[in-house]
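The structure under discussion appears below in the form of structure tokens.
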Amino acid sequence: MIKVLSMSEFGMNIDDSSTKAPIMVIAFAGWNDAGGASTWAIRSLIEKTIATEILTFDSEEFYDFSRERPTVHLDGESRFLSWPKNTISLSNDGSLLLMEGVEPQLNWKTFTQSILAEAQNHNVSMIITLGSLLAEVPHSRPVLIHGVSENTEINKSYGLQTSSYEGPTGIIGVINQLSTDAGIPNMSFWATVPNYVAGAESPKAALALIERLKTTLNLSLNTTDLEIASSAYERQINQIIEGDPDTSKYVDELEDNYDAGDYEVASPEDFVKDVENFLRDQD
């Protein structure tokens, strides 16, 4: 079940005749969100565009709660439950539909069709999905962002490429494919997160995604908070690896490879393979 809130409930008056077709940006926690980068980026967009929540998805239909468990919170002497949540928010100027959520376990087709129905209801001109993945990249260098699309014209206009990846996919891959099937232009941006700090949230990767969106969509956003958090992130990792000779040597090698330009010609598929190899090594 989807609960849609009307604009009038928020005192918002959107004049369809003068408002450009919005662009939808989507990110999910879960398989597609290494370092929490894509969800950090979407939350930052919601905050910085003063977006208002206009739609929520009922979690009952899309989650196995034995896997994605609700959490209990205390507020003073009161106790309450927090359930997995997927929301769509509208930016203050009406130019962006921003979806933040948690990758579902159930009914992916229904879930995706519900998203696309809302996209069509708002006459979106494009869907952009965000993701982040673990890769053999150094934390001390600029984050690599890979952009892919199945649309030839989009690839030419934005310098993206068509993905040739075959294999298991997350909800982002499903949304991208079904958007293409529905005739909705779409693209996907992926940030790389160092595999040796897999458990740490990465504001640096989130900032890189925001910067790519700023360039692509000609957005004007203040990112000072993310810049400060990114600098702190680098300092903290530097302090950690200084006490670990093996990791320090590994990072030195990654930096040498990066500086030699080895990553500039790497394809997104190569980074997907890095993720698969890393996960396989953890088994």
| Elements of type helices (runs of 4 or more DSSP H) contained in region 199-262, each with 3 or more residues being free of Cβ contacts under 8 Å to residues at least 12 places away in the same chain and farther than 30 Å from LEU96 by Cβ | 224-242, 245-259
| request: Looking only at region 142-151, decide whether some residue is within 26 Å of ALA51 (Cα to Cα) and in contact with a Phe, Trp or Tyr (Cβ under 8 Å, 6 or more places away or on another chain). | output: yes
| query | Condition test on PHE111, is it touching a residue at least 24 places away in the same chain (Cβ under 8 Å) and within 19 Å of the chain's Cα centre (by Cα)? | reply | yes
| From ILE128, ILE172, ILE154, residue being in contact with a strand residue (DSSP E or B) (Cβ under 6 Å, 6 or more places away or on another chain) and free of Cβ contacts under 8 Å to residues at least 60 places away in the same chain | ILE154
| query | Does region 157-169 hold any residues that are of a type in the set (Val, Ile, Thr) and either in contact (Cβ under 8 Å) with a residue 12 or more places away in the chain or part of a helix (DSSP H, G or I) (or both), and which are they? | reply | THR162
| message | Scan region 133-151 and tell me whether some residue there is surrounded by 12 or more Cβ atoms within 10 Å (Cβ to Cβ), farther than 18 Å from ALA34 by Cβ, polar (S, T, N, Q) and out of contact with any strand residue (DSSP E or B) (no Cβ under 6 Å at 6 or more places or on another chain). | response | yes
| Residue in region 106-118 that is at positive phi and touching a Ser or Thr at 6+ places or on another chain (Cβ under 8 Å) present | no
| query | Just one of VAL137, VAL143 is outside any helix (DSSP H, G or I), touching a helix residue (DSSP H, G or I) at 6+ places or on another chain (Cβ under 6 Å) and within 30 Å of ASP252 (Cα to Cα); which is it? | reply | VAL143
| Hey, ALA37 hits all of (1) hydrophobic (A, V, I, L, M, F, W, C); (2) more than 18 Å from PRO203 (Cα to Cα); (3) not in a loop (DSSP other than H, G, I, E, B) but one; which does it fall short on? | (2)
| task | Pull up region 49-77, narrow it to residues that are modelled with pLDDT of 90 or more and among the polar types (S, T, N, Q), then point me to the one that is surrounded by the most Cβ atoms within 10 Å (Cβ to Cβ). | result | THR49
| remark: Note on region 29-77: residues closer than 28 Å to TYR233 by Cα and of a type in the set (Val, Ile, Thr) are THR39, ILE42, ILE46, THR49, ILE50, THR71
| task | Report whether or not ILE46 is surrounded by 12 or more Cβ atoms within 10 Å (Cβ to Cβ), out of contact with any helix residue (DSSP H, G or I) (no Cβ under 7 Å at 6 or more places or on another chain) and either of a type outside the set (A, V, I, L, M) or outside any strand (DSSP E or B) (or both). | result | yes
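The values are calculated or read from the model by the stated rules, or taken from the named source; none is laboratory data. Computed from a predicted structure; not experimentally measured. With ideal geometry, Cβ positions are generated from the backbone for all residues, glycine too; neighbour counts draw on all protein chains shown.
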